[in-house]
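Here's the structure, in structure tokens; my notes come after.
Readers should treat all values here as calculations from the given coordinates under stated rules, not as data from a laboratory. Remember, it's a predicted structure, so these values are computed and weren't measured experimentally. Cβ sites come from the backbone with ideal geometry, for glycine too, and all protein chains shown count toward neighbours.
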Amino acid sequence: MTASAATLTVELRNASKRFGKIQALDEANLAVREGECLVIAGPSGAGKTTLLRLVAGLEKPDSGDVVIEGRTVNKDGAWVRRTGMTFENYALYPHLTVRDNIAFPLRSKAARNSANGKESEESRVRRIAEMLRIEELLDRQTDQLSGGQRQRVSLARCLVREAVVFLLDEPLAHLDAKLRLAMRTEFKRMVSKLNATMIYATHDYREAMALGDRIAVIQEGQIIQVDTPKRIFDQPASLLVARFAGHPPINTIEGSIEGGLVRLSDAGEGAVLGAYSAADDVNFSHGPVIIGVRPMDCTWDGGAGSGLEGIVRAVKVRQDNTGTVLAETGSGLVEATLATSARPQFGDRIDIRIEEDRSLIFDKESERLLGRIVPGASKGAH
Amino acid sequence: MTTSSLEENVGPATSETRSTVAIGDFSQEKAKWTVGRMLAHLVLVIFAFVILFPFYWMLVTSVRPQTAISTAGAVLWPEEITFFNYEQVIAAHLYPAIMNSFVAGIVSTILAVALGTLAAYGLERYRFRGREDVAFFILSQRMMPPIAIAIPILLIIRSIGLADSLLALILLYTVFNLPLAMWIMRSFVRSVPVELEEAALVDGYRPFTVFMKITVPLLRVGVAVTAIFIFIFAWNEFLFALIITTHGGAGTLPLALATLAGSPWGIEWGPMMALSLIAILPVLLLYATVVLFLSRGVNLGGVRG
């Protein structure tokens with residue numbers, strides 16, 4: 001194995017895959033660096049599993065290439081690609097004990113041939129079992145395991161071999177909420193310890209944010225954006241990415257750009273939020289836009305706001321007495337943070353303040369990110 | 001918080017909770033002997049009698065001396081017990097008839113199940129145009145009544161020089177049982193999750209190794225059940241044994257039984273019943289095994305080692 005920091009372990013080059021009428025993957029391009037944990041994030045049915053299966057060799061691309069360590073492997077069977085994979089339903093071999101399940105990848109002909117003089121099977125299995133804390137389960141049958149234990153065994157079987165890349169398909173999806181959170185923390189510890197290259201598919205944005213060195217957001221077979229978690233959150237390439245990253249989801253408010261100024265559509269004369277960051281001259285105009293503001297950047301303090309008015313539909317107050325208010329505006333429901341101890345009543349008409357400099361401007365048609373609002377400029381525009 | 005919840009999950013499962021629940025307050029209510037229940041049992045007893053009586057009568061007849069049978073006719077209890085009939089038929093028919101039956105049955109069963117399993121696997125796992133049509137065509141071969149092609153088969157067997165040979169029986173039984181073996185095995189193959197095979201592929205095993213190491217072990221119950229059914233078919237087969245083999249040559253047990261019914265001295269009841277019971281014994285044992293398999297099927301197959 002060659003190793004330098006910039007080496008690409010896995011690449012997809014214009015890879016497409018179609019199942020009947022469904023375009024599962026559409027001209028996907030992706031480069032996974034050695035040693036990184038790349039999260040494939042997207043709703044179910046977006047093509048995450050197909051992408052992993054292409055890399056593993058369980059599917060062949062209709063067009064485009066799968067490249068592993070610089071070599072095109074389109075024609076190679078799954079058994080020669082040296083990947084490790086977990087399956088969403090764990091796929092533990094029911095006729096084998098936990099120990100035999102974990103040791104199974106070490107017993108293939110290829111693995112035995114390359115294992116000369118290296119660590120013994122027994123100690124390898126024991127080490128990985130200790131890491132996953134399942135050493136006392138080794139002699140059990142797989143039907144004697146709980147869901148969480150099965151998940152660990154499937155991870156152990158995946159991680160036990162020296163794979164070029166580990167492919168993890170929603171490994172935490174079927175665990176209950178508490179265990180999922182615990183495993184996420186533990187998984188992060190393991191990822192940094194193993195220093196292995198991983199592609200990790202999930203639909204849970206918290207998992208993606210917590211585990212990914214980089215995140216690739218995928219929708220309807222298309223890779224929308226590949227970036228660090230921070231940039232995915234701060235500079236989403238499209239409204240979809242913005243909606244995916246963040247909970248509660250980002251508010252989408254209709255607006256327009258006229259004369260270089262961003263206005264709210266449904267606020268009477270059209271309240272001006274500020275200057276558009278990418279306006280090249282003062283007369284710059286753009287058709288309808290969507291202003292994306294996260295609930296934490298929308299506030300209500302009991303007084304006047306940015307001119308975004310709505311009728312209170314729900315008030316959510318947490319244990320620590322902070323809370324949010326859901327208001328129905330001309331652009332649909334908008335969630336805003338309560339910045340005062342006063343509580344609005346159901347049906348009240350409120351004026352929501354928008355943190356202009358934390359807003360994102362998307363084209364309404366293409367939902368692509370256009371730019372931002374320049375802070376301070378709004379004052380001059382009034 | 002994370003560690004505690006994890007340890008709970010990792011620790012060995014306790015069986016204590018379960019046992020305390022079992023010794024609960026629920027004293028099992030004794031089943032009441034209502035009129036309906038008694039009637040139901042009466043019907044079952046009569047039914048069992050109707051089914052079992054012929055076997056009893058066979059047993060009784062098989063241990064009576066031939067003279068007693070011909071003079072006293074049928075009785076419910078043997079006047080004297082002798083195993084002469086058994087000694088006689090075993091001496092006369094163990095070789096070749098009984099051995100022929102075993103060889104033809106076992107070899108053709110192994111061939112039919114092995115080939116049927118491979119065919120079922122191919123049809124189930126590889127998608128191709130006309131897949132269902134191929135499957136149905138194979139099954140349709142079984143729908144034809146064997147007697148309809150008995151003469152052509154006899155001519156073919158003769159012309160290739162296999163008349164009155166065990167090989168001919170083995171080939172015929174294999175060919176005739178193959179569609180059924182494939183059809184039964186297909187549903188068993190379908191019940192093996194394809195992810196298991198995919199996982200093994202990713203784990204570095206070639207497709208045929210995956211089939212042998214993952215699929216076949218998980219098909220154990222299916223293979224056993226199919227093999228038993230097919231062995232019984234072959235064991236009981238009479239028509240082809242009659243037309244292509246001879247008694248004393250490659251003839252099987254059913255053929256030997258038939259000769260006892262048509263001997264110059266009339267029907268030899270004692271030896272015939274003895275040989276019939278010998279012929280039924282493997283079938284009974286195998287059916288008992290099937291029942292055992294089916295009742296414990298889930299455990300033996302998919303999930304347990």
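Tabulated data
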| read-out | value |
| --- | --- |
| Top of A:Ser265, A:Ser306, A:Ser146 by mean-square fluctuation, Gaussian network on chain A, Cα under 10 Å | A:Ser146 |
| Positive-end extreme of charge dipole, the protein assembly as shown - chosen from A:Gly307, A:Gln151, B:Leu277 (charges on Cβ) | B:Leu277 |
| GNM flexibility winner over chain B from B:Arg158, B:Arg186, B:Arg206 (Cα, springs under 10 Å) | B:Arg206 |
| Rounded to 10°, Cα long-axis angle of helix A:121-131 versus longest principal axis of chain A | 30 |
| Mean ellipticity per residue at 222 nm, deg cm²/dmol - from DSSP H runs of n ≥ 4 across chain B, formula -39500 (n - 2.57) | -22000 deg cm²/dmol |
| Test item: Cα-centred dipole of chain A, Lys/Arg +1 and Asp/Glu -1 on Cβ, debye | 1680 |
| In degrees, nearest ten, helix B:150-159 long axis to first principal axis of chain B (Cα) | 80 |
| Cβ-Cβ FRET estimate between B:Ile160 and B:Leu76, R0 fixed at 51 Å, reported to 0.05 | 0.45 |
| Electrostatic dipole magnitude of segment B:86-303 [Cβ: Lys, Arg +1; Asp, Glu -1; Cα centre; debye, to 20] | 480 |
| Magnitude of the charge dipole, the protein assembly as shown, Cβ model with Lys/Arg +1 and Asp/Glu -1, debye to 20 | 1420 |
| Global form of segment A:251-381, assessed from the alpha-carbon gyration tensor, a/c cut-off 1.5 | prolate |
| Under 18 Å from the Cα of A:Lys48 - lysines, other chains or at least 8 residues apart | A:Lys17, A:Lys21, A:Lys60 |
| With Cα atoms, 0 to 90° folded angle of helix B:166-190 axis to chain B main axis | 30 |
| Relative contact order (percent, whole number), segment B:86-303, Cα cutoff 8 Å, 6+ residue spacing | 34 |
| Set of lysines with alpha-carbon distance to B:Lys213 below 19 Å, sequence-local pairs under 8 removed | A:Lys109 |
| Gaussian network model of chain A, Cα within-10 Å springs - most flexible of A:Asn195, A:Asn74, A:Asn283 | A:Asn283 |
| Those residues of segment A:156-173 whose amide nitrogen sits under 16 Å from the label point placed on A:Lys193, 7 Å along Cα→Cβ | A:156-161 |
| Global form of the protein assembly as shown, assessed from the alpha-carbon gyration tensor, a/c cut-off 1.5 | prolate |
| Cα gyration tensor shape for chain B, rounded if a/c is under 1.5, else prolate or oblate | oblate |
| Per-pair calculated FRET efficiency, R0 = 45 Å: B:Leu94 and B:Lys32 via Cβ, rounded to 0.05 | 0.25 |
| Positive-end residue, the protein assembly as shown charge dipole about Cα centroid, Cβ charges, pick of A:Ala103, A:Asn14, A:Val289 | A:Ala103 |
| Exposure proxy order (Cβ contacts within 10 Å, fewest to most) of B:Trp33, B:Trp235 | B:Trp33, B:Trp235 |
| Computed helical MRE - 222 nm, chain A, DSSP H runs ≥ 4 contributing -39500 (n - 2.57), nearest 500 | -6500 deg cm²/dmol |
